[in-house]
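For reference, the structure is listed below as structure tokens.
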């Protein structure tokens, strides 16, 4: 098992003819994802560099390909509308990679998804995406089968549980892209596989959040432990700690980035700011410790802390 | 993006929020004249206020009450003559280039009225309190029941009943209910129309004759929305951003200068923060936050090194790259080229992992002779301990 996506997920790319959209469509296709086509208004009828069909609208793409998930690379001014177009066309998982979307647009998207399109789950924006590792054909290979990568993460660092040394798999949830890779890499070094890795994004208002994913990983048979990577800004980690305390029985390893960040400054991510005495790392770490989480004091200890918590 | 108080007042005024008379000046002589003008309009006293982004201006002597034109001139000359140091500025303070001379008004009661983006609810939320004049964080601490919160539907905007509810909850009566509702509607409309991320009137006041006025205002905006807010973007004061951060912005680098002595060059915001954290864990102090992004060119990496080295405090540099889409060998080549061009006199520890790390390690190994201060970090912990040791013994 896995969460959100698997070998049966059928994916299109919104913004497929843009340079980032095309590059990562190819990357996902090579990894083994069922990439079925893409959308760029005005370029319907063309094919992309892999021969995938391009459509003018998401509705056409869904009708012709049967896609149920979309990877969104539409530029910031139009990205919010692209999410709603995907939802309106019946897409059930919209993965929005785009960074720098105005927060007001995301607030409106969230509200509209909730009221008009409850079937559609949004991941992101400003996120690396989601990956359920596939099975590698051989040790050196970057191609896999049975998995699904929707996003910009390097696929080859991930390990399917059947190919892991310990036979155990962790689920990973993170607000940061490169720290997700770090967690994947380190858990892999410890002989752990990954069930699914989810980057929820660095923006203040986003789709799926820690609690949604903790619930899914808790219910997922293949997930033995959970790595949760938070950062300064907001109080989502505190809310997640409350949830973990009463609902999560699997071991949870945490790291919070930004303990040394000065208050009032945005640290790269739109959502990474300590403001009005709220959003500091220490309060998040306290809450997570109280919830029984295994806190990695150093970002270099994510893998060892997780394997210790799993007793492997 | 932050703007000055006088700019926020102007935005409020054009949105329909009443503010007392005020004149913005650059010199002490202009301050003297401004006082006369306000006096002719009926003001008996005025407040001279330093226009800087940092808060806590009153505590640093940047806000002075004056009763005559001569006092206004003196106060202005004093404030303009030196850097203003407040709890929110760097220790050396910030220069003051502009002053707001605001007409003094009699106050019967002070309120707090603000709008913030509530991240958990995913919508703007109005925060109001009948206990204005002090920092809202202090009110929240001491008397949380005195704070009223009202979420705004980001699609529909403020509904009239919400304004009515708040007006009565704050204790307004009679004509002031109408005045408050108009003020609140104007503030919410301004917030949504201008892509604000924070709008705060503190205090909003009631005069003895029942007028409602905004005395001090602070409005921040969403950087990501500036592409569609040209008028707002034009309000930015470049002198408020350190030169190094301006240079970084021009090269699409995300850079923030800090007080420590270990420069950091990292890809990804989360990893950049984590790198600062691990330096501190090993007893060092980071000199900056720097995310070169996922597709950093050689030119951008070179500029990043120049910016880091332009900080005289920097005694060593830690490069931490987890190659994803950005390939390690590309970054390694950029480091080597940048090193040759910029020239490193301080220790440089390089930790690379991820996509194409093997060819990258060969590039670094081969460049060691050319860059004698370069040390290879085998993993994150090794890199952090090597750079803190190298800087500690320097």
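The values are calculated or read from the model by the stated rules, or taken from the named source; none is laboratory data. In this text the structure is predicted, and so the values were computed from the model without any measurement. We place every Cβ from the backbone using ideal geometry, glycine too, and count neighbours over all the protein chains shown.
Residue-level analysis places residue B:114 outside the set of residues that are buried (at least 16 other Cβ atoms within 10 Å of the Cβ) and over 30 Å from residue B:229 (Cα atoms).
Rundown of residues vs (1) touching a residue at least 40 places away in the same chain (Cβ under 8 Å); (2) within 14 Å of another protein chain (Cβ to nearest Cβ), yes/no style:
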| position | (1), (2) |
| --- | --- |
| A:274 | yes, yes |
| A:282 | no, yes |
| A:286 | no, no |
| A:291 | yes, no |
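For segment B:185-194, the condition of being within 30 Å of residue B:209 (Cα to Cα) and either modelled with pLDDT under 95 or surrounded by fewer than 16 Cβ atoms within 10 Å (Cβ to Cβ) (or both) holds for at least one residue.
Take the conditions (1) crowded, with 18+ Cβ neighbours inside 10 Å; (2) in contact (Cβ under 8 Å) with a residue 60 or more places away in the chain; (3) part of a loop (DSSP other than H, G, I, E, B); residue B:107 misses just one of them, which is (1).
If you go through segment B:164-179 and pick out every residue that is assigned to a helix (DSSP H, G or I), within 18 Å of residue B:146 (Cα to Cα) and touching a helix residue (DSSP H, G or I) at 6+ places or on another chain (Cβ under 8 Å), you end up with 4. Any residue at all in segment B:300-308 that is crowded, with 21+ Cβ neighbours inside 10 Å, at pLDDT 85 or above and more than 20 Å from residue B:257 (Cβ to Cβ)? No, segment B:300-308 has no match at all. Considering segment A:157-178, and only residues there that are under 21 Å from residue A:224 (Cβ atoms) and part of a helix (DSSP H, G or I), the residue that is farthest from the other protein chains (Cβ to nearest Cβ) turns out to be A:162. Here the strands (runs of 3 or more DSSP E) wholly within segment A:15-122 that include at least 1 residues being more than 30 Å from residue B:152 (Cα to Cα) are A:34-39, A:69-72. Looking across segment A:4-27, the residues that are crowded, with 22+ Cβ neighbours inside 10 Å and in contact with a helix residue (DSSP H, G or I) (Cβ under 8 Å, 6 or more places away or on another chain) come down to A:4, A:11, A:12, A:13, A:14, A:15, A:16.
Scanning segment A:293-312 for residues that are part of a loop (DSSP other than H, G, I, E, B), touching a strand residue (DSSP E or B) at 6+ places or on another chain (Cβ under 8 Å) and farther than 15 Å from residue A:179 by Cα returns a single hit, A:293.
Residues in segment B:95-125 that are more than 14 Å from every other protein chain (Cβ to nearest Cβ) and over 26 Å from residue B:84 (Cα atoms): B:106, B:107, B:108, B:109, B:110, B:111, B:113. Among the residues of segment A:219-240, is any more than 11 Å from every other protein chain (Cβ to nearest Cβ), under 13 Å from the mean Cα position of the chain (by Cα), at pLDDT 95 or above and within 20 Å of residue B:120 (Cα to Cα)? The answer is yes, given that some residue of segment A:219-240 is more than 11 Å from every other protein chain (Cβ to nearest Cβ), under 13 Å from the mean Cα position of the chain (by Cα), at pLDDT 95 or above and within 20 Å of residue B:120 (Cα to Cα).
Examine segment B:221-241 for a residue that is away from chain A (no Cβ under 12 Å), free of Cβ contacts under 8 Å to residues at least 40 places away in the same chain and within 18 Å of the chain's Cα centre (by Cα), and state whether such a residue exists. Yes: segment B:221-241 contains one or more residues that are away from chain A (no Cβ under 12 Å), free of Cβ contacts under 8 Å to residues at least 40 places away in the same chain and within 18 Å of the chain's Cα centre (by Cα).
Residues are listed down the side, and each one gets a yes or a no for (1) more than 14 Å from every other protein chain (Cβ to nearest Cβ); (2) assigned to a strand (DSSP E or B); (3) in contact with a strand residue (DSSP E or B) (Cβ under 8 Å, 6 or more places away or on another chain):
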{"position": "B:289", "(1), (2), (3)": "no, yes, yes"}
{"position": "B:300", "(1), (2), (3)": "yes, no, no"}
{"position": "B:304", "(1), (2), (3)": "no, no, yes"}
{"position": "B:313", "(1), (2), (3)": "yes, no, no"}
{"position": "B:317", "(1), (2), (3)": "yes, yes, yes"}
{"position": "B:322", "(1), (2), (3)": "no, yes, yes"}
{"position": "B:340", "(1), (2), (3)": "yes, no, no"}
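The residue that is farthest from residue A:236 (Cα to Cα), among those in segment A:181-192 that are more than 8 Å from every other protein chain (Cβ to nearest Cβ) and buried (at least 24 other Cβ atoms within 10 Å of the Cβ), is A:192. Being touching a strand residue (DSSP E or B) at 6+ places or on another chain (Cβ under 6 Å), farther than 29 Å from residue B:171 by Cβ and without any contact (Cβ under 8 Å) to a residue 60 or more places away in the chain holds for only one residue in B:48, B:52, B:85, and it is B:48.
Quick grid of which residues meet (1) in contact with a strand residue (DSSP E or B) (Cβ under 7 Å, 6 or more places away or on another chain); (2) at pLDDT 95 or above; (3) at the interface with chain B (Cβ under 9 Å from one of its Cβ atoms):
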site: A:91; (1), (2), (3): yes, yes, no
site: A:116; (1), (2), (3): no, yes, no
site: A:123; (1), (2), (3): yes, yes, no
site: A:155; (1), (2), (3): yes, no, no
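For segment B:4-35, residues that are farther than 22 Å from residue B:81 by Cα and outside any helix (DSSP H, G or I) total 6. Residue check: is residue B:383 in a helix (DSSP H, G or I), farther than 28 Å from residue A:97 by Cβ, in contact with a strand residue (DSSP E or B) (Cβ under 6 Å, 6 or more places away or on another chain) and at pLDDT 85 or above? Judged against the criteria, residue B:383 is a match.
Here's the yes/no breakdown for (1) within 14 Å of another protein chain (Cβ to nearest Cβ); (2) in contact with a strand residue (DSSP E or B) (Cβ under 7 Å, 6 or more places away or on another chain); (3) part of a helix (DSSP H, G or I):
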| position | (1), (2), (3) |
| --- | --- |
| B:138 | yes, no, yes |
| B:149 | yes, yes, no |
| B:155 | yes, no, no |
| B:192 | yes, yes, yes |
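Among the residues making up segment B:246-286, those that are part of a loop (DSSP other than H, G, I, E, B) and either without any contact (Cβ under 8 Å) to a residue 60 or more places away in the chain or within 22 Å of the chain's Cα centre (by Cα) (or both) are B:251, B:252, B:253, B:258, B:259, B:260, B:268, B:285. Can you pull out the residues in segment A:241-264 that are within 11 Å of chain B (Cβ to nearest Cβ) and either out of contact with any strand residue (DSSP E or B) (no Cβ under 9 Å at 6 or more places or on another chain) or farther than 17 Å from residue B:117 by Cβ (or both)? Of everything in segment A:241-264, those that are within 11 Å of chain B (Cβ to nearest Cβ) and either out of contact with any strand residue (DSSP E or B) (no Cβ under 9 Å at 6 or more places or on another chain) or farther than 17 Å from residue B:117 by Cβ (or both) turn out to be A:255, A:256, A:257, A:258, A:259, A:260, A:261, A:262, A:263. Scanning segment B:345-363 for residues that are away from chain A (no Cβ under 13 Å), free of Cβ contacts under 8 Å to residues at least 40 places away in the same chain and either surrounded by 21 or more Cβ atoms within 10 Å (Cβ to Cβ) or on the phi > 0 side of the Ramachandran plot (or both) yields B:348, B:350, B:360.
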